[in-house]
Amino acid sequence: MPKNTGGAKTLSERCSEMWNEFLKKEQQLPSRVTIPSDHIRGAKYSPVILESNVHYFTVRINEIFLFYKRKLWKELDPMVFVVSEFIYNKKKETVPFIVGPAMLENLKKTDISTTRMIFCDTKVAGFHPYKGGDLTLSVMLCQVARNNDAKKWLRIIESAANALDYATALGSYLKVAGVVIDGLEELAGIKGITPLIGLRKEFDPDAGDDLKQSYFALINAPESGLDDKELWVVDNKLLKGKDFESAKPYREADYVLYSIRSTTRRSDVDRLPFSGVWERVQQEAMKPDDNSWERAKADLISLYQTMYLSPDLTTGQANDLKAQYIKEMTKLHEDAKQTFPKAVPVARREAALTVAEEDLARLVMKKKLKESVQILEL
């Protein structure tokens, strides 16, 4: 992305600066593992390559494991900071998100046998239409001091990150994304956050990379001591062993397991901004008269144009929705005409009455004009 030559820094520039500061503090280069497709089972996984304007993608933090003894949790909280960069609405956007203590409280699972803690399955980006180009993910596992200042800023950050549903219309979330970065910068400024491991990875199909459904493990251990052939993923959990049958949960170091998943259809279209137009189409289609039917068709044309141009839908799903909506509105109108057949002539009489009232109003106006002329002539 081109550098900002003046004025306020862009969100991308601010995230890059934070990432560079993190790299200066990093003590150990973590192991970075892409789990092979034949080492993955469950969770409806298939190694599908994403196609532009065909697939939606989502990014999930599947597991966070911290190798700390229980006593440290009296003073520290975990946090994962994720930045996704991809094309949205015809330009490259930067989407920051955090998985912090407040969110994790609802996801926390304690491994009592080893006094370690695990956090599972949180969506940090998507579903968004893949519009081509590269996808860049930056994932950072941190520990946060549990003091008043740190807790205050964490509440602000998490509130901003969860204020709007970025999974539906991303444009609304981008308006508050800067607040997330503001909070993280302030948190780093009071020395309340300590990065443990991090990775910035770019997937660029134009450069020969396969952008597909995949799992990635970021492990706080040297690559020299890790045999990635012994790592497996079963139902979104990282395991280690010679094969699927003998593999056990990986518990040897801090790690983050995250994934890119895809689909060709999103099921939450009723939560997108144009859903109100579809409701208006249905209301008009449920009336038996011809005028309401014409209004329903006009609204559907407007709805289709909005869906087709929406940055939150693929064109394929927009076309499928158009066909589905035409079928549904036609059925609603036919049912209305059969259920309320007497309402049709009533509607026609009302229309005729309106015409008669307009004619009468014109006659009255002519009479008044004639009277006015006569008065002026006098």
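Every number in this text was worked out from the coordinates using simple rules, so none of it is lab data. None of these values were measured; they are calculated from a predicted model. Here the Cβ positions follow ideal geometry from the backbone for every residue, glycine too, while neighbour counts run over all protein chains shown.
Structure data summary
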| read-out | value |
| --- | --- |
| Among the listed pairs Lys44/Lys237; Lys90/Lys131; Lys92/Lys131; Lys9/Lys91; Lys201/Lys229, those beyond 19 Å (Cα-Cα) | Lys201/Lys229 |
| Residues Glu294 and Asp206, FRET efficiency given R0 of 41 Å [Cβ-Cβ distance, rounded to 0.05] | 0.30 |
| Difference of contour (0.36 nm per residue) and Cα-Cα distance, Thr34 to Phe340 | 104.0 nm |
| Vicinal HN-Hα couplings computed from phi for region 300-310 (Karplus, 6.51 cos²θ - 1.76 cosθ + 1.60; Hz; Gly/Pro x) | 5, 4, 4, 5, 4, 4, 5, 5, 4, 8, 5 |
| Average Cα contact separation per residue, region 270-339, under 8 Å, 6 or more apart, as relative contact order % | 39 percent |
| Extended-chain gain in nm, criterion 0.36 nm per residue less alpha-carbon gap, Asp182 and Arg280 | 31.3 nm |
